[in-house]
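Remarks on the structure that follows.
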Amino acid sequence: MLELDVKLSRGHFDLSARLAIDSPMTACFGPPGAGKSTLLGMIAGVVMPQRGWIRLGGETVFDSRRGVRMPAGRRRIGLVRFDPASHPRQTVGELLRDTHRNSVRRGTFGFAGVVDLLELEPLLDSGIQSLPAGDRQRVALAHALIPAPRLLLLDDQLEVSGVSNSALLPYLTRIRDELNVSIIYVSHSLGEVLQLTNRMVLMVNGRILGFGDPHEIITDKILSTGAPLQGIENVLPVTVLGHEAENGCTIGYYHGSELVLPMAAHLAPGDFVNVSIRSSDIALSKQYLRGTSIQNQIKGRLCAVIRTPGHAVVQIDCGITLLAGISLKALHAMALREGDTVYCLIKAHAFSYLGNPSRDGQSLDSREVSLVH
């Protein structure tokens with residue numbers, strides 16, 4: 001169990017958090033600047049609270065009153081952060097073997113086991129500097145995992161690498177189930193949260209506004225504010241297929257379908273990039289529509305309906321989870337039920353590009369398998 005009650009003030013930003021987490025997988029969700037990364041840094045020991053205490057598995061790792069400040073290296077917490085520039089001449093195999101040798105005195109999960117779990121065998125002879133962003137995520141995960149942490153912390157890497165963490169979700173599930181390591185996962189995407197876990201921490205402006213079932217938090221803390229899912233976006237990983245200059249659009253590939261996207265001439269065919277779409281910009285149909293100006297129709301299965309007195313959000317499995325806002329009148333008129341097949345209707349200009357593209361060298365089919373396990 002992780003328990004904490006911490007405070008920190010930096011300039012105009014104040015963080016005050018009190019939590020007790022006893023879950024194998026917990027998502028930490030909130031808008032940029034909410035304090036999620038700072039909170040993870042406190043737990044890991046790389047950011048020092050000004051006041052309060054932190055206990056992990058009954059052991060006190062920080063207590064301002066008692067003067068307890070356990071160094072980060074002794075906490076057995078894996079914080080997934082990775083700077084390729086710190087390893088300019090190493091290969092993936094050299095880095096991970098060094099990590100294993102340096103950790104062997106306190107016990108590890110084993111080099112071979114982690115490499116197999118994260119499917120890193122083909123990358124062992126590759127130079128770290130040359131890795132595309134998507135592969136660096138798995139190497140960073142292995143680097144943090146080999147020393148056998150009792151808690152694994154993952155920050156959202158969209159702003160750093162331009163690559164969504166969604167491709168890591170199947171691996172996180174395996175780590176939780178096969179290695180019995182508890183995980184706290186930071187995300188800006190409610191769709192990822194709903195796909196990953198049934199426990200969520202909601203942070204806004206340095207405060208914890210809710211902790212518990214994500215559906216209940218969405219209903220009680222987000223939809224009830226009167227601004228449904230304001231600032232919350234779905235994220236889709238797509239592969240660029242090409243451009244249609246005469247039509248002013250870029251064509252992408254996602255989960256067996258071609259998508260019509262805003263023109264992005266700087267992207268090359270084969271680039272792997274994330275696009276975002278607000279829940280309020282997704283319309284729904286129970287049939288594929290013909291003769292419509294809406295260019296994108298993504299097929300999925302309705303997983304859940306989240307209702308409030310004046311609004312609803314539906315959760316749709318389209319390879320990854322998408323959230324779509326819908327009025328209660330439309331919900332009733334369409335008679336939507338869990339398990340229904342629906343089509344997510346999205347105009348091309350409603351998509352926005354996130355971060356920088358990467359080129360990971362995988363085929364479309366192999367990439368798709370990694371996303372939808």
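The values are calculated or read from the model by the stated rules, or taken from the named source; none is laboratory data. As the structure is a prediction and not an experimental result, all values here were calculated from the model. Here the Cβ positions follow ideal geometry from the backbone for every residue, glycine too, while neighbour counts run over all protein chains shown. Note: areas computed on protein heavy atoms with side chains; ligands, DNA, RNA excluded. Shrake-Rupley method; radii C 1.70, N 1.55, O 1.52, S 1.80 Å.
Of note:
- The residues of region 226-264 that are modelled with pLDDT of 85 or more and assigned to a loop (DSSP other than H, G, I, E, B), listed by number, are 248, 263, 264.
- Positions within region 24-34 being open to solvent by 10 Å² or more (accessible area, probe 1.4 Å) and either out of contact with any Gly (no Cβ under 8 Å at 6 or more places or on another chain) or under 16 Å from residue 9 (Cα atoms) (or both), in sequence order: 24, 32, 33
- Region 260-303, residues that are among the aromatic types (Phe, Trp, Tyr) and over 26 Å from the mean Cα position of the chain (by Cα): 288
- On inspection, residue 267 fails the criterion of being modelled with pLDDT under 85 and touching a His at 6+ places or on another chain (Cβ under 9 Å).
- Pick from region 7-23, criterion more than 16 Å from residue 208 (Cα to Cα) and over 25 Å from the mean Cα position of the chain (by Cα), ranking: most open to solvent (accessible area, probe 1.4 Å): 12
- Condition broken by residue 77, with the remaining ones in (1) closer than 18 Å to residue 148 by Cα; (2) in contact (Cβ under 8 Å) with a residue 24 or more places away in the chain; (3) of a type outside the set (Gly, Ala, Ser); (4) open to solvent by less than 20 Å² (accessible area, probe 1.4 Å) satisfied: (4)
- Test result for residue 217, open to solvent by less than 40 Å² (accessible area, probe 1.4 Å) and modelled with pLDDT of 85 or more: no
- Pairs, first modelled with pLDDT of 90 or more in region 87-100, second among the small types (Gly, Ala, Ser) and part of a helix (DSSP H, G or I), C-beta under 6 Å, six or more apart: 96/142
- Some residue of region 322-340 being of a type in the set (Lys, Arg), out of contact with any Pro (no Cβ under 9 Å at 6 or more places or on another chain) and surrounded by 12 or more Cβ atoms within 10 Å (Cβ to Cβ): no
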